[in-house]
Amino acid sequence: RRFLLRCELDAAYFHLYGIERGDVAYILDTFPIVKRKDQQKHNGDYRTKRVILEMYDAMATAMQGGAPYMTRLEPPPADPRVAHDTANT
């Protein structure tokens, strides 16, 4: 869940700063340690880059079509099942 949340935030920030997809891919390639660790852990797949670009593309499609972006987080943000217990505060 934390990984997907970070990727979703990264994709959103790239959009907010107006960074084009090709530049996003280039920027993500400038993190060699993340790339190496991803590739070691995920059979050669640079998972962080792939997921951020997938989310970036989904956000771009949503913005172009006027449809809301659908998060990949399960449960989605603000779901009561992931809320902190307020009874003890």
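You will find that of 71, 30, the residue that is at pLDDT below 90 and either surrounded by 14 or more Cβ atoms within 10 Å (Cβ to Cβ) or within 18 Å of residue 10 (Cα to Cα) (or both) is 71 and no other. Residue-level check: of (1) assigned to a loop (DSSP other than H, G, I, E, B); (2) at pLDDT 95 or above, residue 43 misses just (2).
The values are calculated or read from the model by the stated rules, or taken from the named source; none is laboratory data. Just so it is clear, the model here is predicted, and its values are computed rather than measured. Cβ: placed from backbone, ideal geometry, glycine included. Neighbour counts: every protein chain shown.
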